Amino acid sequence: MKNKIIFTFLFLFSVVFGKDPYLTITVSQDGKGDFTTIQEAINSTRDLGPAEALIFIKNGTYHEKIVIPSNKHQLTLKGESSENTIITNDDFSGKIDEVTHQKMTTFTSYTVLVTGEKIKIENLSIQNTHCTKGQAVALHVEGDYFIGKNLRLLGCQDTLYTATNNSRQYYENCYIEGTTDFIFGQATAVFKNCTIKSLANSFITAAATDKDNSYGYIFFDCSLIAKEGVNKVYLGRPWRPYAKTVFINTEMGKHILPQGWNEWAGDKMFPDKEKTAYYAEYESKGSGANSSDRVKWSHQLKKKELNKYTIEKIFRGWIPE
């Protein structure tokens, strides 16, 4: 009854004044908030709302498969703490969906799916616990103007899917872990002050940048680390021919292979991707940063070339926050 009265009032407010008030909605599993599940809270917000809504999520482990649909704009999901507010699921490519009875794919294996614009998620963990049978996405983002801050993205293969050519995504102070291609997709994405942990000898990134996009993945001031025993990791390989990935001022551990990059040999659909992909570094640091043995088709940027790597240029005028 409490929730119904509150949200009826908010709806009437929006009808009378033509816009939403600034909403603050609390999710708590103990029943002391407005909702006990995150999806219920998302569903309660006004479609295409012109004003921001904050969904504050109390500590707890939320076993949910979350969708923020395209008709939800300007939502912020904020956890009480990044380590103790956890959204978790275990879907994977090949698993039989209990509702449709069809096999899931990489693109439906997500724990959290974001298709709405101007969505911000911060201060919580998103996890896919499946680690043994292939692709299993934790966070799948398709919407434009996405911001992720102080997130822990936990998974194995394909942890973070940065989807769609027109999506701009910004990640700051995030921890991202995985095994193979665990940051992948078509979007233009910036990673600032992030810690990237490899859990297996494999590949960190698999960009699929569109031919007409000037930017793919750009990592600023990040740290590349690895699980104990992991010692043969590539910075990336091209999922599609025009993949673009650049590391700027990044600390690279000894697990990074001297050659740095891999051309994804044997891909019959897209052969010779090393001829069109663009992979570059500037001032890489650490024991995995020696550029002398990098593959010849990669690039070491000059200082003057950094002028084109500003947030405003990368995101075509959008500056997060």
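Considering Tyr145, Tyr175, the condition of being surrounded by fewer than 24 Cβ atoms within 10 Å (Cβ to Cβ) and out of contact with any Asp or Glu (no Cβ under 8 Å at 6 or more places or on another chain) is satisfied by Tyr175 alone. Checked against the criterion of being surrounded by 11 or more Cβ atoms within 10 Å (Cβ to Cβ), out of contact with any helix residue (DSSP H, G or I) (no Cβ under 6 Å at 6 or more places or on another chain), among the polar types (S, T, N, Q) and in contact (Cβ under 8 Å) with a residue 40 or more places away in the chain, the candidates Asn249, Asn262, Asn290 yield just one match: Asn262. Annotation note: Cβ proximity below 6 Å between a residue of segment 78-90 that is under 10 Å from Arg152 (Cβ atoms) and a residue that is β-branched (Val, Ile, Thr) and surrounded by fewer than 18 Cβ atoms within 10 Å (Cβ to Cβ) (sequence gap 6+ or interchain) occurs for Ile86/Thr61. With respect to Ile121, is the statement that it is within 22 Å of Gln186 (Cβ to Cβ) and in contact with a helix residue (DSSP H, G or I) (Cβ under 7 Å, 6 or more places away or on another chain) true? It is false that Ile121 is within 22 Å of Gln186 (Cβ to Cβ) and in contact with a helix residue (DSSP H, G or I) (Cβ under 7 Å, 6 or more places away or on another chain). From the set of residues in segment 293-314 that are free of Cβ contacts under 8 Å to residues at least 40 places away in the same chain and part of a loop (DSSP other than H, G, I, E, B), which is surrounded by the fewest Cβ atoms within 10 Å (Cβ to Cβ)? Top of the filtered list is Lys296. Take the residues in segment 137-169 that are in contact with a strand residue (DSSP E or B) (Cβ under 7 Å, 6 or more places away or on another chain) and of a type in the set (Ser, Thr, Tyr); name whichever of them is nearest to Gly60 (Cα to Cα). Looking at residues that are in contact with a strand residue (DSSP E or B) (Cβ under 7 Å, 6 or more places away or on another chain) and of a type in the set (Ser, Thr, Tyr), I get Thr159.
Output yes when any residue across segment 163-171 is open to solvent by less than 10 Å² (accessible area, probe 1.4 Å) and of a type in the set (S, T, N, Q), and no when none is.
Looking only at segment 163-171, we keep the residues that are open to solvent by less than 10 Å² (accessible area, probe 1.4 Å), and these are 163, 167, 169, 171.
Of the ones still in play, those that are also of a type in the set (S, T, N, Q) are 167, 169.
Taking every residue of segment 163-171 in turn, at least one turns out to be open to solvent by less than 10 Å² (accessible area, probe 1.4 Å) and of a type in the set (S, T, N, Q).
Give me the residue from segment 236-246 that is open to solvent by 10 Å² or more (accessible area, probe 1.4 Å) and not hydroxyl-bearing (Ser, Thr, Tyr) and, out of that set, farthest from the chain's Cα centre (by Cα). I'd like the intermediate steps shown before the answer.
First, the residues of segment 236-246 that are open to solvent by 10 Å² or more (accessible area, probe 1.4 Å): 237, 239-242, 244.
Then keep just the ones that are not hydroxyl-bearing (Ser, Thr, Tyr); that gives 237, 239-241, 244.
Working: Arg237: 18, Trp239: 16, Arg240: 18, Pro241: 21, Lys244: 16 Å.
So the residue we want is Pro241.
Among the conditions (1) in contact with an Asp or Glu (Cβ under 7 Å, 6 or more places away or on another chain); (2) touching a residue at least 24 places away in the same chain (Cβ under 8 Å); (3) part of a loop (DSSP other than H, G, I, E, B); (4) closer than 20 Å to Tyr170 by Cβ, the only one that Ile319 does not satisfy is (2). In the condition set (1) open to solvent by less than 30 Å² (accessible area, probe 1.4 Å); (2) part of a loop (DSSP other than H, G, I, E, B), Ala280 is compliant with all but (2).
If you go through segment 26-48 and keep only what is at pLDDT below 95 and among the hydrophobic types (A, V, I, L, M, F, W, C), you end up with just Leu48. Remark: pairs (first residue in segment 45-66, under 20 Å from Ser28 (Cα atoms) and open to solvent by less than 70 Å² (accessible area, probe 1.4 Å); second residue part of a loop (DSSP other than H, G, I, E, B) and among the hydrophobic types (A, V, I, L, M, F, W, C); Cβ separation under 8 Å; 6+ apart in sequence or on different chains) = Ile57/Leu124.
With respect to the stated conditions, Ala208 is under 30 Å from Thr106 (Cα atoms), of a type in the set (A, V, I, L, M) and touching a Gly at 6+ places or on another chain (Cβ under 8 Å).
Would you check which residues across segment 97-136 are in contact with a strand residue (DSSP E or B) (Cβ under 9 Å, 6 or more places away or on another chain), part of a loop (DSSP other than H, G, I, E, B) and open to solvent by 80 Å² or more (accessible area, probe 1.4 Å) and list them? Once the filter is applied, which keeps residues that are in contact with a strand residue (DSSP E or B) (Cβ under 9 Å, 6 or more places away or on another chain), part of a loop (DSSP other than H, G, I, E, B) and open to solvent by 80 Å² or more (accessible area, probe 1.4 Å), segment 97-136 yields Gln102, Lys118.
The values are calculated or read from the model by the stated rules, or taken from the named source; none is laboratory data. Bear in mind that the values here come from a model prediction, so they are computed numbers and not experimental data. All Cβ positions, glycine included, derive from the backbone under ideal geometry; neighbour counts span all protein chains shown. SASA here: full protein model, heavy atoms, side chains in, ligands and nucleic acids out. Shrake-Rupley method; radii C 1.70, N 1.55, O 1.52, S 1.80 Å.
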